[in-house]
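Peer 1: Below are the C-alpha cells for one structure; questions will follow.
Every number here is computed from the coordinates shown, using simple stated rules; none is lab data. Owing to the predicted nature of the structure, the values given are computational and were not obtained by experimental measurement. As a convention, Cβ positions derive from the backbone with ideal geometry for all residues, glycine included, and neighbour counts pool all protein chains shown.
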Amino acid sequence: MTLYPLLDTLHSPAQLRELDRKQLPQLTEELRNFLVESVSKTGGHLSSNLGTVELTIALHYVFDTPDDRLVWDVGHQTYAHKVLTGRREGMARLRMHGGVSGFPKRSESEFDTFGVGHSSTSISAALGMATAFKLKGEKHRTVAIIGDGSMSAGQAFEAMNNAGVADANMLVILNDNDMSISRPVGALNKYLARLFSGSAFNAARKAGEKMLGVSPSLLEFANRVEEHVKGMLTPGTLFEELGFNYIGPIDGHDLDSLIPTLQNLQKLNGPQFLHVMTRKGQGYKLAEADPILYHGVSKFKPEVGIEGGKSGGKAN
Ligand SMILES: Cc1ncc(C[n+]2csc(CCOP(=O)(O)OP(=O)(O)O)c2C)c(N)n1
C-alpha cells in the first residue's frame, strides 16, 4: 500500500489545480512526509523546505504555472516545487551527478524560471520578467518568493527601489521564518518582528480580508477602507514607502489564508507585497525543535533523527 495515495496521482501543477480545495490538506501531509523520507535518504536541505510546503501548493494551485512565473530566491526552499513539477522520482538522486539539482535550474524544468543558488536575486529577475510581459502586452503574472534572510541584501532593495516605480504587475512574497541559515541579525529582522506584532492592524485586516473577492465593487470598496484603516493604524510600512501594496503578515501554513489572499492579489495590478510567516522545520518535530541542526543534513533515520547532535550536511 502506498504512503502517498494523492501525491502518486499528481505529475504536474495542472493536475494539482484540478483537485478539490478540500483535498489539499491531505496533499500537504503527504508531500511533507515524502520530503522527510526522501531527504533522509539523500541528504540535502530540510528545515527550509518543510517550511514552504503550503506556500508551494497554494502558489501552484492559484497561479497558472509555468505561464505565470514563480521566481524562487532561496534555492534551498524549492524541493516541494520540484516534486510538484514532475521531478518527484528525480529526488532519489538529489544533488548527485546526473540527478536533480538542489536548486532551481532552467535546463531542468520549464517551471524553474531562473537559475539560482541563493540569495537575493529574485526581485530583480521577476521585475525583468514582469516588465517584459508588460512590453509584450502579455497578461502573465510574476511572483518572487524571497526569504527574510535574503531580503536583507542590497540587491533585493535595489530591485524593490526599481519595481516600486516600474508599474509592472508583480508580486513579492516575503517568506519570513524569522531565521536565516542560523539566527538572524540586523535591523530589518527587528522591523519585521514589529510588523508581525502589530496585532491591532492584523485584526483590522482579517475583517477586511473576509470582504475581498465578493464582487469587484466590494473589492474596490474594501481596498479603500483598508487604505483608510492602514492610514489610521500604521504610518505605512517600509515596503509601502517603496511603492508596494503591503498585505500581511499572514500564516504561511494556513491554506485558508494563503489561497484566498493569493487569489485576491492575482487580480491586483502594480507592485504587490505579501508578508507570509512560516516556520522552519514545520511538521517534523525534531526539525521544529532544532531548525539549525536540520537546515542541511546528511542521511539520517527519520524515526530517530540526527544522531550525535551534529549535522553532517552542507549548511549553506
Ligand atoms: C549573495 C549572497 N549573500 C549571502 C549568501 C549566504 N546566504 C545563503 S542562504 C542565505 C539566506 C538564508 O535565509 P533566508 O532567506 O531567510 O532563508 P531560510 O534559510 O531561512 O529558508 C544567505 C544570506 C549567499 N549565498 N549569497
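Peer 1: Using only the alpha-carbon atoms of the range 96-152 as identical scatterers, what base-10 log of I(q)/I(0) does the Debye formula give at q = 0.24, 0.26 Å⁻¹?
Peer 2: Summing over Cα pairs of the range 96-152 leads to -1.02, -1.09.
Peer 1: Also, quick follow-up: With a bin width of 10 angstrom, please list the P(r) values of the chain as percents of all Cα-Cα pairs, from the 0 bin to the one holding the largest distance.
Peer 2: Computed distribution, short to long bins: 6, 28, 36, 23, 7, 1.
Peer 1: Among Gln26, Gly305, Phe273, flag the residue with its Cα farthest along the positive direction of the charge dipole of the chain, charges on Cβ as +1 for Lys/Arg and -1 for Asp/Glu.
Peer 2: With unit charges placed on the Cβ atoms, the residue in question is Gly305.
Peer 1: Return the whole-Å distance between the Cα centroid of the range 64-119 and the Cα centroid of the range 251-308.
Peer 2: Taking the Cα centre of each part, the range 64-119 and the range 251-308 sit 17 Å apart.
Peer 1: For the peptides 187-193, 142-148, 58-64, what is the packing order when you average, over each peptide's residues, the other Cβ atoms within 10 Å and list the highest mean first?
Peer 2: On the way: 187-193: 14.4, 142-148: 27.3, 58-64: 21.7.
Ranking the peptides 187-193, 142-148, 58-64 by packing returns 142-148, 58-64, 187-193.
Peer 1: In addition: Suppose we keep just the DSSP beta bridges with both residues in the chain; what percent of those would be antiparallel, to 5? Let's see the in-between values first.
Peer 2: Numbers: 3 of 24 bridges.
Restricted to the chain, the bridges split so that about 10 percent are antiparallel.
Peer 1: Determine the dipole magnitude for the chain: charges of +1 sit on the beta-carbon of Lys and Arg, -1 on that of Asp and Glu, nothing else is charged, the reference point is the Cα centre, and the result goes in debye to the nearest 20.
Peer 2: Working: 33 positive and 34 negative charges, 108 e Å.
It works out to roughly 520 debye.
Peer 1: Now for a different question. Check Ile173: other-chain or 5+ apart residues with amide H under 5 Å from its amide H, H built from backbone geometry?
Peer 2: Amide H to amide H, under 5 Å and 5 or more residues apart or across chains, Ile173 pairs with Ala144, Ile145, Ile146, Leu274.
Peer 1: Out of Val53, Thr237, Leu94, whose Cα points farthest toward the positive end of the dipole of the chain (charges: +1 Lys, Arg; -1 Asp, Glu; placed on Cβ)?
Peer 2: Ranked along the dipole, the leading option is Leu94.
Peer 1: If you line up the Cα atoms of the range 49-196 on their principal axes, what length do they span on each, largest first, in Å?
Peer 2: Projected onto the principal axes, the Cα atoms of the range 49-196 cover 43, 41, 25 Å.
Peer 1: May I pose another question? In deg cm²/dmol and to the nearest 500, what is the mean residue ellipticity at 222 nm of the chain if only DSSP H runs of at least 4 residues count, each as -39500 (n - 2.57), divided by the residue total?
Peer 2: The helix contribution divided over the chain gives -13000 deg cm²/dmol.
Peer 1: For the chain, what's the relative contact order in percent, using C-alpha pairs closer than 8 Å and at least 6 residues apart?
Peer 2: Working: 536 pairs, mean separation 72.4, N = 316.
Contact order relative to length: 23 percent.
Peer 1: Next up: If you plug each phi of the range 239-250 into the Karplus form 6.51 cos²θ - 1.76 cosθ + 1.60 with θ = phi - 60°, what whole-Hz ³J(HN,Hα) values come out, in order, with x for Gly and Pro?
Peer 2: Residue by residue, the range 239-250 yields 5, 5, 4, 7, x, 9, 8, 8, 10, x, x, 10 Hz.
Peer 1: Which residue, chosen from Met1, Ala132, Val39, occupies the Cα position most advanced towards the positive end of the dipole of the chain, where the dipole is computed from +1 (Lys, Arg) and -1 (Asp, Glu) charges on Cβ about the Cα centre?
Peer 2: Going by the charge dipole, the pick is Val39.
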